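The values are calculated or read from the model by the stated rules, or taken from the named source; none is laboratory data. What you see is a predicted model, and the numbers here were worked out from it, not measured in a lab. Counting neighbours? That spans all protein chains shown, and the Cβs are built from the backbone with ideal geometry, glycine included. We work out accessible area using only protein heavy atoms, side chains counted, and drop any ligands, DNA or RNA first. Shrake-Rupley method; radii C 1.70, N 1.55, O 1.52, S 1.80 Å.
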Amino acid sequence: MEFEAIIGLEIHVQLKTCSKMFCGCANVTGRAPNTVVCPVCLGYPGALPVMNAEAVRLTVQAGLLLNCRINLFSKWDRKNYFYPDQAKNYQISQYDQPLCLGGSVGISVDGTEREVRLTRIHLEEDVAKNIHFESSSGVDFNRAGTPLMEIVTEPDLHSADEAYAFLQALKQILAYGEISDCNLEEGNVRCDINCSVRPVGQRELGVKTEIKNMNSFKGVHRALSYEIERQKRVLSGGGTIVQETRRWDDVAGMTQSMRSKEYAHDYRYFPEPDLVPVELTEAQVESWGATLPELPAARRRRFVEAYGLPDYDAGVLVAEKRIADFYEEVAQACGNYKAASNWVMGETMRALSEANMEVDASPLRAEALAGLIQLVDQKTLNMPAAKEVFQVLFTEGGEPKAIVEARGLAQVSDSGELEGFVEQVLEAHPQSVEAYRGGKANAIQHLMGQVMRLSRGKANPQVVLDLLRSRLDG
Amino acid sequence: MGNLHLETIESLQAKLREGACSSVEVVQDLLGAMEAVDGQVGAYLSVDAETALAEAAEADRRRADGKAGALNGVPVAIKDVLNVKGQPCTCGSKILEGFVSPYDATVVKRLREAGAVLLGRVNMDEFAMGSSTENSAFRTTRNPWDLSRVPGGSSGGSAAAVAAREAIASLGSDTGGSVRQPAAFCGCVGLKPSYGRVSRYGLTAYASSLDQVGPVTRTVSDAAALLQVLAGADPMDSTSVDAPVPDYREEIKLGMEGLTLGLPAEYFVEGTDPEVDAAVRAAVAQCEALGATVREVSLPHTPYAIAAYYIIATAEASANLARFDGVRYGRRVEGQDPIEMYGRTRAEGFGPEVKRRIVLGTYVLSSGYYDAYYLRAQKVRTLIRDDFAAAFGDCHALIAPVSPTVAYGVGEKTGDPLQMYLGDIFTVTANLAGLCGVALPCGFTAGGLPIGMQVLGPAFAEEQILRVAHAYEEATDWHTRRPALVEETVSSRQEG
């Protein structure tokens, strides 16, 4: 029998705000446990939440970027459940009146483009982090209260590839909108999967399982590939799927049932009496929409028009916002748009990928790369020397000119100085001279290489070539 | 020992200004009064005498430096539900035994900024759930007028301390009458400000949409003086309202003339103690004599108020009290896993009334029951609010009894929670509708127990109800009477 998979995702995205969702604590990571906390995010008696307006703005902007309808009236609700990572044992969330409704994300899989519909986007607070030691457990409340946006999709996805493409597209838009850093390693984006399969042609949905707390897109792909096959196998064998929550075991490469009573919840939602509803005006939403950053498609068009780049280059450069920003800085600082594109797409992206690093985390600065490009354009550096300088800029940072001087890499274009090298090489390689004169034009490359070697890479190749030709052809 | 503990805020401020006494002497006299009567009354849970005296000395220094604030050197007792940095905040519960608060409630901060001295922590029903202070996990507080009777609740300690003259004034909290009813039982003035008038930041929540902090004092003028300092928007409380704060102490002097007072028919009904009914009616007549116009009004949805209140309050409480789980602070009873730890901690930490309300609140919010209970109760709440809006279309304030009874015997109603709930019938409506209300003495029973009446006003019209109450108080002397046990503390040497 032919089966089809029906997949819906719930994506939790930490917002890039200055402070937490309901208190004044900084929204930061990497601090010692329980040092970024206060009576509010620790749930002390008498402490009250105050809404972070910046988080509301970012969520509305995300809604605008994702084609949602913005609810001018939305409200807060308490979601009740006991767990040690919850300071109040209820989470402040939005139940029946979220900030954004509907929406869509365009994806492209195997050359087919289509829209994945969103159900809603709401705002809530993140929980703390439970840490397990050998014989005890601890809770780090630094993360508690981080603004968390939950995006819920319609059951519109049908394969692991589609889910993966959707998450990539979503991440690109949110990073572009500066809604979130979308740093997966930091846990900025986490995902719950709902998945069922049914025989092709059947109208009603199959029984679904839920896989919670996925923190990598590759993990989502693997988990879905496994789970879809598992469900097909069970149904083909005449079995039934149990509605349950399953856990993805990344090491074993399989999902496992977690039949825990904790998950049989009645959350007893009710309106949060400590907060007032969120009331927005059309004008406010409009002004937030007007300050939205340019999205990838528009930026790609602009790169082609404004910088005269081939469409291919533009596509590669805009894929990640930080790279596109970096490119623009380099291009504007050096004025040679195509060279900038070559350096960013080539050396820079290769080095970043080898170092597994984000561009803003590397010591390489845009103006330094621009300076390097200018040195090449001014013929102060030849390519091999430029690549050597780049390596230094990438690993240590610094000023390209200073590096050129310190390493003595400046190109030698003085023909007087180079003539001596040419003379030496012609004498030492009579066969190549013979070959060239015999019609093998390529032989001149070998001779050039020898001159470059003698100059320790500093010779201006064009001058060398001219000198060689005038000697050999003359 | 002197007699400074007998003063009101107003009279004390005059003496402090004139240099007739120091704040340290005031605190000393109050500590002396506690020594003399608190063994019998049981109003206080904890008193840090050393810190109070140090704060008083500080206030005296400020006065000498010409930097006296609005309440400089005035001692105020604090209900144990409000957070004071470095002090315990038990909320009358074993589950918070040993907890020391890391921060000041906004009202406490404002008192400090005005120069007040924080005197000590007064007893209450556990988590403010109760009407007699018998639900405190720590001690039974007695009514200073008759030690065999309750002081009312949940702010029973706040009212008993003021009535027994072991506090000049105190702060309480009112969720369904918890300031007004004990004030009435103890012959004090108790003010419940409009919802949003006073910040709730640092007030341990019972029912967030109903809770308000309010003062308990001996006179209306003193209540106005405290409200002046407490009122106003707070960025830490989103439900506090940025409405202008009038000069209460001046506004209350405008007199009764020209005011229309409403008598809600549903608050003068059978079942109320005849002595209470008669005293409140007499007070209404007195108001009329003072120049007010009196008319009857109707609040037709009153019969549904108790049910709506106990659904909404317990629903909110079930979530508010979920944080007491033994993980971060307070009492912890270990278990095999977190769930068992929660169960054991809460089983041992909470008393029976708190558990009853958590179970009730959890039930009314449960899937399948939400619409029938919580949602319906919210609709009733809207109807009650509309009732009051219609009534206030015709009058400036309403007059009613605070409670159908006067103070009852200790243990008399503990076996029947429902009877106890019904005693809140005249007070819960102001909380449901977000109104302001002030309770003040309007007579005594033949047996010598205080009777209270309440003046209810529209939201953010505190100056209006205080004006009515002040005009009445000026014309009567109920507020000047003292319980017999206070006489033991009166020094004949200084008593003129």
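Overview of values
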{"quantity": "Counted residues, segment B:238-257 - those being open to solvent by 60 Å² or more (accessible area, probe 1.4 Å), more than 30 Å from A:CYS23 (Cβ to Cβ) and either in a loop (DSSP other than H, G, I, E, B) or among the β-branched types (Val, Ile, Thr) (or both)", "calculated": "2"}
{"quantity": "Criterion: open to solvent by 50 Å² or more (accessible area, probe 1.4 Å) and touching a residue at least 12 places away in the same chain (Cβ under 8 Å) - qualifying residue of A:ALA314, A:ALA319", "calculated": "A:ALA319"}
{"quantity": "Conditions (1) within 14 Å of chain A (Cβ to nearest Cβ); (2) in a helix (DSSP H, G or I); (3) at pLDDT below 95; (4) buried (at least 19 other Cβ atoms within 10 Å of the Cβ): number failed by B:ILE339", "calculated": "(4)"}
{"quantity": "Residue count for segment B:286-326, restricted to those that are among the aliphatic types (A, V, I, L, M), surrounded by fewer than 24 Cβ atoms within 10 Å (Cβ to Cβ) and within 14 Å of chain A (Cβ to nearest Cβ)", "calculated": "1"}
{"quantity": "Hits in segment A:1-40 (condition: aliphatic (A, V, I, L, M) and in a loop (DSSP other than H, G, I, E, B))", "calculated": "A:MET1, A:LEU15, A:MET21, A:VAL28, A:ALA32, A:VAL36, A:VAL37, A:VAL40"}
{"quantity": "Residues of segment A:320-347 classified as in a helix (DSSP H, G or I) and out of contact with any helix residue (DSSP H, G or I) (no Cβ under 7 Å at 6 or more places or on another chain), total", "calculated": "6"}
{"quantity": "Index of the failed condition, A:LEU72 passing every other in (1) among the hydrophobic types (A, V, I, L, M, F, W, C); (2) touching a residue at least 40 places away in the same chain (Cβ under 8 Å); (3) facing chain B (nearest Cβ under 10 Å)", "calculated": "(3)"}
{"quantity": "Flag for B:GLY448 being in a strand (DSSP E or B) and small (Gly, Ala, Ser)", "calculated": "no"}
{"quantity": "Hits in segment A:7-44 (condition: touching a helix residue (DSSP H, G or I) at 6+ places or on another chain (Cβ under 7 Å) and within 9 Å of another protein chain (Cβ to nearest Cβ))", "calculated": "A:GLY43"}
{"quantity": "Breaking point among (1) more than 10 Å from the chain's Cα centre (by Cα); (2) more than 14 Å from chain A (Cβ to nearest Cβ); (3) under 25 Å from B:TYR103 (Cβ atoms), for B:PRO244", "calculated": "(3)"}
{"quantity": "Test result for A:LYS379, open to solvent by 70 Å² or more (accessible area, probe 1.4 Å), at negative phi, out of contact with any Gly (no Cβ under 8 Å at 6 or more places or on another chain) and not in a helix (DSSP H, G or I)", "calculated": "no"}
{"quantity": "Pick from segment A:268-298, criterion surrounded by fewer than 20 Cβ atoms within 10 Å (Cβ to Cβ) and charged (D, E, K, R), ranking: nearest to the other protein chains (Cβ to nearest Cβ)", "calculated": "A:GLU279"}
{"quantity": "Candidates A:LEU317, A:LEU309, A:LEU352, A:LEU364 - the one that is under 29 Å from A:LEU65 (Cα atoms), in a loop (DSSP other than H, G, I, E, B) and within 24 Å of the chain's Cα centre (by Cα)", "calculated": "A:LEU309"}
{"quantity": "Residues satisfying the stated conditions in segment A:285-298, i.e. assigned to a helix (DSSP H, G or I) and either farther than 17 Å from A:LEU65 by Cα or in contact (Cβ under 8 Å) with a residue 40 or more places away in the chain (or both)", "calculated": "A:VAL285, A:TRP288, A:GLY289, A:PRO296"}
{"quantity": "The one condition in (1) part of a strand (DSSP E or B); (2) open to solvent by 10 Å² or more (accessible area, probe 1.4 Å) that B:ARG110 fails to fulfil", "calculated": "(1)"}
{"quantity": "Hits in segment B:62-105 - residues which are open to solvent by 50 Å² or more (accessible area, probe 1.4 Å), within 12 Å of another protein chain (Cβ to nearest Cβ) and assigned to a loop (DSSP other than H, G, I, E, B)", "calculated": "B:LYS85, B:PRO102"}
{"quantity": "Residue count, segment B:358-377 (criterion: facing chain A (nearest Cβ under 10 Å), more than 29 Å from the chain's Cα centre (by Cα) and assigned to a helix (DSSP H, G or I))", "calculated": "0"}
{"quantity": "Unique match (being farther than 30 Å from B:THR106 by Cβ, touching a strand residue (DSSP E or B) at 6+ places or on another chain (Cβ under 7 Å), at pLDDT 95 or above and more than 14 Å from chain A (Cβ to nearest Cβ)) among B:GLY255, B:GLY262", "calculated": "B:GLY262"}
{"quantity": "Segment A:164-209, residues that are closer than 22 Å to A:SER104 by Cα and among the acidic types (Asp, Glu)", "calculated": "A:GLU178, A:ASP181, A:ASP192"}
{"quantity": "Which listed residue is of a type in the set (A, V, I, L, M), over 28 Å from the mean Cα position of the chain (by Cα) and in the same structural domain as A:ASN336 (by TED's automatic domain parsing), from A:ILE373, A:ILE403", "calculated": "A:ILE403"}
{"quantity": "Counted residues, segment A:426-446 - those being assigned to a helix (DSSP H, G or I), open to solvent by less than 70 Å² (accessible area, probe 1.4 Å) and in contact with a helix residue (DSSP H, G or I) (Cβ under 7 Å, 6 or more places away or on another chain)", "calculated": "7"}
{"quantity": "Count of residues meeting criterion [part of a helix (DSSP H, G or I) and open to solvent by 40 Å² or more (accessible area, probe 1.4 Å)] in segment A:392-419", "calculated": "10"}
{"quantity": "Complete set of residues in segment A:159-202 that are touching a Ser or Thr at 6+ places or on another chain (Cβ under 6 Å) and closer than 17 Å to A:ALA319 by Cβ", "calculated": "A:LEU174, A:LEU184"}
{"quantity": "Residue within segment A:53-64 that is open to solvent by 10 Å² or more (accessible area, probe 1.4 Å) and either over 26 Å from the mean Cα position of the chain (by Cα) or at the interface with another protein chain (Cβ under 9 Å from one of its Cβ atoms) (or both) present", "calculated": "no"}
{"quantity": "Strands (runs of 3 or more DSSP E) fully within segment A:80-125 counting 2 or more residues that are open to solvent by less than 60 Å² (accessible area, probe 1.4 Å) and within 11 Å of chain B (Cβ to nearest Cβ)", "calculated": "A:90-93"}
{"quantity": "Residues within segment A:322-332 that are of a type outside the set (D, E, K, R) and open to solvent by 50 Å² or more (accessible area, probe 1.4 Å), tallied", "calculated": "1"}
